[in-house]
Structures are given as structure tokens and as C-alpha cells.
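A short worksheet on the structure shown next.
What follows draws every value from the coordinates through simple rules; no lab data is involved. The model shown is predicted, which means the values in this text are computed figures rather than measured ones. Here the Cβ is made from the backbone with ideal geometry for all residues, glycine too, and neighbour counts use every protein chain on show.
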Amino acid sequence: MSLRLWCAISGHGFGHFSQVAPIVNHLAGELGGLRCCIAGNLPRTLLARGIVPPFEVSPGARDVCLIQRGPMAVDLEATRTALLDFHRTWEQRLEVEREAMARWQPDLVLANVPYLPMVSAHSLGIPVIAVASLSWDRVVAAYLPDPDPELAAILDAMREAYALAGQAMLLEPVIDAMPFPRASLIPPMVTPGESRRAGLRRHLGLSPEDGRPVVLISMGGVPGQDQPLDELARQREILWLSDEAPRSEGNIVAISTLAGWDFPALSASVDAIVSKPGYGTVVKAVADGVPILAVPRGTFPDEAPVLAWLSRHGRGVTMDIDAFRSGHWTPFLEKLWQQPLKPKPRLDGAAVACRLIRERMGIS
């Protein structure tokens, strides 16, 4: 049976995309006639790497998310201004979305987690399913906890829009008090990567006698220059792979220079990952059995449940932002490598999500 699927995806980092792509790919394997349109402002190169079946793109941001000065810092005033601007032009944006959606004629809207497409789909009588581990009202309220009346009205509008979803699939680990009245909890969705550790070490020019650990540093899909590369360059006992390094030099290897190694392959083949505890990064590390040294931002509301889930199912240690900026990470890494492996949790959320979608759409 054919299905026309409109996937609206937030462009704040790449984690939202990682929660949608497995569903699209799984559905494509089950339904030979799947047609897919990706609505959002994610790079087409990212979409092409993650989506297996052919897809179309409806470009443009469908929400504000957060305005960041780098991977670890949020510009609160710019975020508030952007939200106000977005909602002052709400009716025009909604009409543009309605027209685009009506032209494409989807059977179903799958949203993670922009709320404008949910309102548009509801007004057109198109079923809406949300898939999420968080919602933007919870994120904005965490960063701007004392809203003025104009911002409070925006938060109310977000919650009213989310409530229009006919169903929500909440991915474990999930923040509490989500604004979706009809929700089901489903497992994370990730396919464990194949460790190519020996091949990576050869590619990096490490001899069999060179026992240095290889550690990947990536603070997520938000660009910035936060990593203390000068200090790390002095620590020759570890080989660092950095997504911020402009070039490879000494014991700092720029990820951009590693031809033939995409990020999923790298992250499955290193001895540890240093990152903020983003949902996608942590779930992937647990699936791959790779330990993670996490740097919490402190305010982002899904960090506590993600870290609690990591402590149950994976190997993880946290360090605060001052320790991160100092570059003195060795004690944390040594503690991390002493932790034992734990049984992996269920990771078949994509299959569960597809079953729920087929039930919702009456597809046998």
C-alpha cells in the first residue's frame, strides 16, 4: 500500500532527524509505495546520508528552537526575540505551510517536534503523529522560567498546538509532563554500528605497539569553537578526533580529514566519546557499547532523564563545564574506562513506531 508521509523536523542540531530517519527507512521497507517529503531546514547532505528511500524537500524552518552562541551556550535574548518575531507573523507562516501541505497532499504528518505543521495539518484534516523525547514548550520554559505575558502566550500556543496531535510516540528516555494528551512510550530507535576499531587505528597510522586510546570529541550538530584544543594537544598519551579542529596536527586529528569515515562509523570505533549528553549521542553510544564522557549544559530539560538512562544501560561519567574548558580530562576518562559493560536495552523503537503508524492509518 502507498503512503504519502510529510516529515516535519526541527533543525536544532541533528538529534531530531535521528529520531525520524529510522522510522522512514523502516516504513519504506514495509511499504513499497512510500512517498516522503522532509519539511525543515536541515542540510540536504545530512538527509541524503540518513534517508534510504527517495524523498522530496520542503525547505524552511518550522520552529525557532533555541538560538545558540555555540554548542554549550544559549543566547536567551536572541531566543526570546526570535520567538516573538515568529509568532508575530504566525498567520502568514501558517498559510504558507497550509499551501505547501495542500499541494503535496500527504496522508500523514509525522512531526519531531515543530508545532506549526501540527496546526496546519489539523486545519486540513490530515492525521498528525508526533514523535519526540522532548517538546519546545518545556525547553523554552526551562531557559526562560519567568515569562512575560507575551512569551507566556507563546508557550500556551505551543501546548495547544501539540495537543492537536492525534497520537504521540514518546521515545524513552523522555522528559515528564509532555503536552501530548494521547501518548505511547516506545523504546529508543537506533541500529548498533559495526565497530571498525582496528581499521580506524590503521587509518590513523597507529602501529600495533601504540596503545594510545582514540577519543572522539563532538558537541553535537551546533557549530562552535568550544573545545580546548591547545591544552589537549599537549596530552600526547591520547589521540583526539575533533569536529572543531581546522586541520590535523600532532595528536589532534580533524574529523573532516578522515576520508571514508562517516560519523556513525567513527563513533562506533573509538575508545570513548566526549560530548554533551544529547539524546541521539547517548543512545547511539549505548547501542555501540562505547563509553561517553558527558558535559551537561545544566538547563536543557532532557539531560537528567538521558543521564539516568545512561547510568542504567551504558558507561558514562559527567564533568562540569569548567573541567571541560580546562582540557584536563584524563581522570574522568580513566574512571570511565573502569566501568563494566551492561546489558543493552531494547532499541527497536523504529519497528514499534511503524506498527503504531500502520495501526493509526489502517494499513495491514
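Remark: spin-label model distance VAL52-THR299 equals 4.0 nm, labels positioned 7 Å along the Cα→Cβ axis. Take the alpha carbon gyration tensor of segment 1-151, find the square roots of its eigenvalues, order them as a ≥ b ≥ c, and report rounded if a/c is under 1.5; if not, report prolate when a/b exceeds b/c, else oblate. The shape class here is prolate.
Of interest is the spacing of the C-alpha centroids, which for segment 298-333 and segment 54-129 amounts to 31 Å. The translational diffusion coefficient of segment 197-337, from Stokes-Einstein at 37 °C and 0.692 mPa s with a Kirkwood hydrodynamic radius over alpha carbon pairs, comes to 215 µm²/s.
Treating r as the C-beta distance of ARG358 and ASP210 and R0 as 35 Å, the FRET efficiency rounds to 0.10. Per-residue ellipticity at 222 nm from helix content only, as computed over the chain with -39500 (n - 2.57) for each DSSP H run of at least four residues, stands at -11500 deg cm²/dmol. Listed by chain and number, the lysines whose alpha-carbon sits under 20 Å from that of LYS276, ignoring those within fewer than 8 places in the same chain, are LYS284, LYS335.
Here the Karplus curve 6.51 cos²θ - 1.76 cosθ + 1.60, taken at θ = phi - 60°, turns the phi angles of segment 348-358 into couplings of 9, x, 5, 5, 5, 4, 5, 5, 5, 5, 5 Hz, with x standing for Gly and Pro. When the P(r) is computed for the chain, the part past 36 Å accounts for 23% of the Cα-Cα pairs.
Between TRP90 and TRP337, the contour length at 0.36 nm per residue exceeds the Cα-Cα span by 83.9 nm. Close amide H pairs (under 5 Å, H built 1.01 Å from N) link ARG35 with LEU3, ARG4, LEU5, residues at least 5 positions away or on another chain. Please give the FRET efficiency for ASN251 paired with ALA152, using the beta carbon to beta carbon distance and R0 = 45 Å, rounded to the nearest 0.05. E between ASN251 and ALA152, to the nearest 0.05, is 0.35.
Measuring between their Cα centroids, segment 138-183 and segment 240-294 lie 32 Å from each other. Given in Å, the Rg to one decimal and the Dmax to the nearest whole number for the Cα atoms of segment 19-71 are 13.1, 43.
Measuring how big segment 105-192 is from its alpha-carbon positions, Rg and Dmax come out at 13.6, 46 Å. Which of SER267, VAL119, ILE67 sits closest to the plus end of the dipole of the chain, meaning its Cα is farthest towards the positive end, when Lys and Arg get +1 and Asp and Glu get -1 on the C-beta? In the chain, that residue is SER267.
For ALA183, the residues whose amide H sits under 5 Å from its own are ALA168, ignoring neighbours fewer than 5 places away on the same chain, with H placed 1.01 Å from N. Couplings 3J(HN,Hα) for segment 315-320, derived from phi with the Karplus relation 6.51 cos²θ - 1.76 cosθ + 1.60 (θ = phi - 60°), are 10, x, 9, 10, 9, 7 Hz, where x marks Gly and Pro. Loop-located GluC sites (Glu not before Pro) across segment 167-259 with a Cβ neighbour count of 14 or fewer within 10 Å are GLU194, GLU209, GLU237, with loop assigned by DSSP. Highest GNM mean-square fluctuation among ASP63, ASP243, ASP322, for the chain modelled with Cα contacts below 10 Å: ASP322. In order along segment 269-285, the phi-based Karplus estimate (6.51 cos²θ - 1.76 cosθ + 1.60, θ = phi - 60°) of 3J(HN,Hα) comes to 10, 8, 8, 6, 10, 10, 6, 6, x, x, 3, x, 5, 5, 4, 5, 4 Hz; Gly and Pro are listed as x. Can you bin segment 288-331 into rounded, prolate or oblate? Criterion: square roots of the alpha carbon gyration tensor eigenvalues sorted a ≥ b ≥ c, rounded for a/c under 1.5, prolate for a/b above b/c, oblate for the rest. Because a/c hits 1.5 or more and a/b fails to exceed b/c, segment 288-331 counts as oblate.
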